[in-house]
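The values are calculated or read from the model by the stated rules, or taken from the named source; none is laboratory data. Predicted model, so just to flag it, every value in this text is computed and none were measured. No Cβ is skipped: glycine too gets one built from the backbone with ideal geometry, and neighbour counts run over all protein chains shown. Surface areas here come from the heavy atoms of the whole protein model, side chains and all, with no ligands, DNA or RNA. Shrake-Rupley method; radii C 1.70, N 1.55, O 1.52, S 1.80 Å.
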Amino acid sequence: MATIAVIGGGASGMAAALAAAESLENHVLLLERQNRVGRKLAATGNGRCNLSNDHAGLPHYHGSDPDFVLPALTRFGVSETLDWFAGLGLAVRHEEGGRIYPLTDTAASVVDVLRLALEARNVELMCGFTVKDARREGDRFLLESSMGEELACDRLIVACGGVAGERLGGSRSGYELLRLFGHSQTALHPSLVQLRTENTWVRAMKGVRTQARLTLEYWEHILARGEGEVQFAEYGVTGPAVFDLSRTAAVMGEGGLLVLRLLPELEERDLLLYMTEKRNGFSNLKAENLLTGALHNAIARTVLRRAEIPLDARLWALSDRALEQIAAVITRFELPLLGTPGFDAAQVTAGGVETAGFDPYTMASRLVPGLYACGEVLDIDGDCGGYNLQWAWSSGRMAGLAAGGQLSRFASGISLCLWTRRKQLCRLRRNGHWARKSAA
């Protein structure tokens, strides 16, 4: 009987423990430093748990080598993950943008089915066990807790997550443990996080949501683009569209510029036509009513102030040049970036332990036999929308099955061939060769 220890009772750790326990020959230990498993998971998606996305694939993942995700997503993709959850008793619903949520609409349901499955599979759960030291002696690993407790195992899976969301259990322990075994890490940055901006204009719109097209610029170079819901706050901006740009903004640091195109559905000429007709048809109205029906009142007033238009001016008094000034603010609402609120506010860590040190189709360390890693502790992070949890399930199950001796060499070889072929196709698409070849 092999003893397999999994450090970390989050999404990837529970997936790894359940996979390893599928073989009755294994004795699986799940070590969690907090008093219960799945605490961070229970808070995801504002308590709803966006557990996957129908569109999970390479374009939605980031890191020094995003291709690293392909074997796990090929072998344990969205459909396989949903089948796995169905086997655990979880019903799901598919929503706009491919987002997948539990049918109960509460993250607690996801945590509960995983916890019950751990009990059913006889996984030994050890909460309050903080691993402070780990070393390999002979063919086994020796672990020591912060309280001086010791235990030994034949194989070790590090699934400690990242540093993001420290109040919910985020820590640097996984990086530190893997460093003990010779693994290196990249720089760490908060991701899927709010953006702090110069707040002269945003604080007047605090709490207001709107649809916008976003660009992230640095010295007139566009670094990232996005579109979707933005919410204004006292400190800056938040919302799904902001989260998708936050990784780039965090890596870039202070000094960039966030540009919002309000009313993204309207071209500038259509916007000018709308305002001209409003001015001509309702000439006695005050300027503050010019954009009523098109923009939230708080946004409309802010736009007019920024365009230096008196709110109490009559529409008949607004020149064509004044309308052009208003249109210019709407199409390019500039917010100088000051950074992010930091890791505690972030949902995900960008960066992590270098994936070059691990086998992408078993999650096994290339440096230490019997050592595995999965989930957020590795240098892989995904976009907002369920992609990070899909990586946790996929990589966790891959690590657990490999450590448990259930990922056969034959199956792994097939997975590797599929991964290699898919990687080649993805590179062709990225380089434009695919499009050119198709056109020919």
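Structure above, values below:
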quantity: Positive minus negative residues near residue 342 (Lys, Arg vs Asp, Glu; Cβ under 12 Å); calculated: 0
quantity: The chain, dipole about Cα centre (Lys/Arg Cβ +1, Asp/Glu Cβ -1), debye to the nearest 20; calculated: 660 debye
quantity: Over the range 249-299, volume per residue of the alpha carbon convex hull, in Å³; calculated: 118 Å³
quantity: Note, ³J(HN,Hα) from phi for the range 177-193, Karplus 6.51, -1.76, 1.60, rounded to Hz, x at Gly and Pro; calculated: 5, 5, 5, 4, 9, x, 7, 9, 10, 8, 5, 9, 9, x, 9, 6, 9
quantity: Antiparallel bridges, percent of DSSP beta bridges restricted to the chain (to nearest 5); calculated: 70 percent
quantity: 3J(HN,Hα) from dihedral phi, the range 364-380, Karplus parametrisation 6.51/-1.76/1.60, rounded to Hz, x for glycine, proline; calculated: 7, 5, 7, 9, 10, x, x, 9, 9, 9, 7, x, 5, 5, 7, 7, 9
quantity: Amide proton proximity set for residue 373, modelled H, under 5 Å, gap of 5+; calculated: 158, 365
quantity: Highest-fluctuation residue, 374, 160, 49 considered, GNM on the chain with Cα pairs under 10 Å; calculated: 49
quantity: Residues with amide H under 5 Å from that of residue 99, placed H, sequence gap 5 or more; calculated: 54
quantity: Taking the chain and dividing mean pair separation by its residue count, relative contact order in percent (alpha carbons under 8 Å, at least six apart); calculated: 25 percent
quantity: Convex hull of Cα atoms in the range 301-375, direction-averaged projection (nm²); calculated: 9.6 nm²
quantity: Which labelled figure in (1) -0.24, -0.43; (2) -0.31, -0.52; (3) -0.39, -0.67 is log10 I(q)/I(0) by the Debye sum over Cα atoms at q = 0.06, 0.08 Å⁻¹, once derived from the coordinates; calculated: (2)
quantity: Whole-Hz couplings from phi, Karplus 6.51/-1.76/1.60, listed for the range 273-287; x for Gly and Pro; calculated: 5, 4, 5, 5, 5, 5, 5, 6, x, 9, 4, 8, 5, 7, 4
quantity: 1.4 Å probe accessible area per residue over the chain, in Å²; calculated: 45 Å²
quantity: Cross-link partners of residue 206 among aspartates and glutamates (Cα-Cα below 15 Å; sequence separation of 8 or more within a chain); calculated: 198, 229, 234
quantity: Accessible area of the range 17-82 belonging to carbon and sulfur atoms, whole % at 1.4 Å probe; calculated: 48 percent
